[in-house]
Amino acid sequence: MITVITGGTGSIKLVRGLDSVLDEKMTIITNVGDNIWLFGLYICPDIDTTLYGLSGQLDQKRGWGIYNDTFNWMTSVNKFSDNAWFQIGDKDLDTHRLRTKLFKDGMKLSEITKLMSNRMNIKHHIIPASNHAIETTITTNDRQMHLQEFWVKNKGNLPIKDVTYKGIEIAEPADNITNVIKNSDKIIIAPGNPISSIGPTIAITKLKKSLKESNARKIALSPIIRNKPISGPAGKMMRAKGYSVSNIGVAKFYSDFIDELIIDSSDIKYMDKITKMGIKVHQTQILMKNSLNEIELAKYILSDN
């Protein structure tokens, strides 16, 4: 039984690779820290990226949204809204409209996600990390803002003093996530930004406890190559939380529950230090430039190295 903890645009590449080589169903636990209400709609970027990625609809060039979408609705919104910095395609809009309606009708986010997954003929189990609201918040020099405002509106160009998860104190794991983790044979931490894409999920108290107690092989895939993030603001966030932008920093962030860390074949500098932390280190090509890379990496992770 395979469980993957995901978040961010890098994670879906690994998930696609696993989908290509697995005959069995896997459980995909998705980040909810970047969910946001805009335009009267409940938008869940990481959930939607997973849904679109596994149903063949994802715009792979952008890393988000639906392939070959149009943005006529946004053109109209630009005339009246101050939130036009957040782009929603016309096809993508239907997803948010349906989710918002079902949410207001009383359905839980996990139930809505399952319904959408079934409609898209996805064989795997996609579960939001929590049905409670968790908001990844960035503290800059002068104020706090939602992650989406920091990354999309301001393009990540502001200094970061801290990253927090608003609502994490009361958040509970959705549905039967703790049992899924307990019964998994292998738990894979996808190569998302450790702080903003994976952090909100593993900060949920009961979920983190189940990770620590699980007898599964717990394997994290590093999003860092030669002390630089593969993409996104992971470096700024790791520094803000006191971690070095290196595989050592990644290992320390996950050190209280992972057994193994996969790093790029070009990174040998910190292998001994990570091993001394009690974490087994594997080296392979981790940059996923195309579907072949995704499949090869998935096969490597699933092998008994």
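Since every read-out is calculated from the coordinates, none of them should be taken as a lab result. Quantities reported herein were computed from a predicted structural model and do not represent experimental measurements. Glycine also receives a Cβ, built like all others from the backbone with ideal geometry; neighbour counts cover every protein chain displayed.
Observations on the model:
- Listed residues Ser196, Thr178, Asn215: farthest to the positive end of the dipole of the stretch 176-241 (Cβ charges): Ser196
- Counting only Cβ charges, +1 for Lys and Arg and -1 for Asp and Glu, the dipole size of the stretch 74-120 around its Cα centre is about 180 debye.
- Looking at the stretch 122-181, the trypsin sites (Lys or Arg not before Pro) that sit in a DSSP loop and have at most 16 other Cβ atoms within 10 Å of their own Cβ are Lys123, Arg143, Lys155, Lys161.
- Proxy reagent accessibility, fewest Cβ within 10 Å first, across Ile202, Ile187: Ile202, Ile187
- Between Glu172 and Arg239, the simple label model (points 7 Å from Cα in the Cβ direction) yields a spacing of 4.1 nm.
- Using alpha carbons only: equivalent-ellipsoid semi-axes of the chain, gyration tensor based, whole Å: 29, 22, 19
- Cross-link reach list, lysines versus Lys276, counting only Cα pairs under 25 Å and skipping chain neighbours closer than eight places: Lys186, Lys208, Lys209, Lys212, Lys218, Lys228, Lys241, Lys252
- Of the trypsin sites (Lys or Arg not before Pro) found in the stretch 65-114, the ones in coil according to DSSP and having at most 11 other Cβ atoms within 10 Å of their Cβ are Lys79.
- Exposure proxy ranking for Thr70, Thr30, based on other Cβ atoms within 10 angstrom of each Cβ and starting from the fewest, stands as Thr70, Thr30.
- Converting phi to 3J(HN,Hα) with the Karplus coefficients 6.51, -1.76 and 1.60 and the offset θ = phi - 60°, the stretch 271-285 yields 4, 5, 5, 5, 4, 5, 7, x, 10, 6, 10, 10, 10, 7, 6 Hz in sequence order, with x at every glycine or proline.
- Cα-Cα separations in the stretch 215-305 greater than 17 Å, expressed as whole percent: 48 percent
- Val15, Val281 arranged by Cβ crowding within 10 Å, fewest neighbours leading: Val281, Val15
- Cα long-axis angle, helix 109-119 against the chain (0 to 90 degrees, to the nearest 10): 90 degrees
- Each helix, a run of at least 4 DSSP H residues, gives -39500 (n - 2.57); summed and divided by the residues of the chain, these come to -10000 deg cm²/dmol at 222 nm.
- Cβ-Cβ FRET estimate between Glu24 and Ser291, R0 fixed at 22 Å, reported to 0.05: 0.60
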